[in-house]
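Single-structure report; data block below.
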Amino acid sequence: MEEKRISKRTLVASVFIFLLVPVIIFVGVVFFDDRAYYPISMVIAFLSMAPFFMVFEGRKPRSREMVVIAVMIAITVVGRMAFFMVPQFKPTMAIVIISGFSLGPESGFIVGSLASFISNLFFGQGPWTPWQMFAFGLMGFLAGWLKKLNLLERNRIQLCIFGALCAMFLYGIMVDIASVFMMTSSNVTADTVKATFVSGFPLNAVHALATIIFMALLGIPMIKKLERIKIKFGLMEI
């Protein structure tokens with residue numbers, strides 16, 4: 001049986017994600033004027049992996065454990081690239097949430113953050129990359145965290161609602177805030193923030209709709225497949 005509680009590893013990951021990563025992004029915005037996005041992105045990638053490897057205390061990681069994570073990252077990257085012609089209409093959020101729900105919060109953060117970094121090699125790296133890594137990773141972490149607390153179940157409607165809320169508000173607001181800093185870092189006003197949020201609303205709505213559609217189509221089948229893989233290979237939580 002999986003433990004339905006927050007482990008020490010998850011608590012450490014929470015400190016990394018909710019404290020260290022925002023501090024790193026803040027340093028990049030304030031002290032480097034958003035120009036050191038490559039080093040900042042690499043630091044976030046390292047921080048996303050550090051709590052994950054705490055699971056390997058006292059033993060070496062098995063290749064099967066690493067392969068599952070790598071495959072989910074690859075699926076997320078390919079899914080985002082496949083819909084590159086349609087702004088914001090992508091399965092990325094749904095797959096990241098599925099990863100966190102099925103494989104655990106730390107794995108969900110890795111899938112979201114690394115998939116963002118890797119796919120931006122195709123879409124284009126920039127000062128938005130650290131924000132996207134943090135935002136997508138956070139959604140995967142929250143999915144796994146809420147499942148541990150029995151607040152998110154393997155239910156299509158629940159998953160669709162959660163995905164829509166993440167895309168529309170949590171991810172959308174974080175990306176809009178990033179846009180504010182990238183455009184007017186030296187003179188942020190209430191009017192600028194309002195204009196950014198209003199102009200970003202349609203894109204966030206499209207992202208939420210896409211997440212609902214892809215979650216409804218892929219959510220339960222992918223979760224069942226991942227659960228069978230976990231049981232078959234003894235990976236109750238990665």
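Every number here is computed from the coordinates shown, using simple stated rules; none is lab data. On a predicted model such as this, the values are computed, not experimentally measured, just so you know. A quick note on method: Cβ atoms are made from the backbone with ideal geometry, for glycine too, and the neighbour counts reach across all protein chains shown.
Remarks
- Projected onto their three principal axes, the Cα atoms of the stretch 98-211 cover extents of 43, 28, 22 Å, largest first.
- Greater than 21 Å apart at Cα, pairs in LYS147/LYS224; LYS90/LYS147; LYS147/LYS225; LYS148/LYS224: LYS90/LYS147
- Alpha-carbon radius of gyration plus Dmax, which is the widest Cα pair, for the stretch 125-166 in Å: 12.4, 37
- Least to most buried among VAL96, VAL23 (fewest other Cβ within 10 Å first): VAL23, VAL96
- All C-alpha pair distances within the chain, sorted into 5 Å bins from zero, spread as 1, 7, 14, 19, 20, 17, 11, 6, 3, 1, 0, 0 percent across the bins.
- Amide hydrogen proximity for ARG154: with H placed 1.01 Å from N in the peptide plane, no residue at 5 or more positions away or on another chain lies under 5 Å.
- Relative contact order for the chain, counting Cα pairs under 8 Å that sit 6 or more residues apart, in percent: 24 percent
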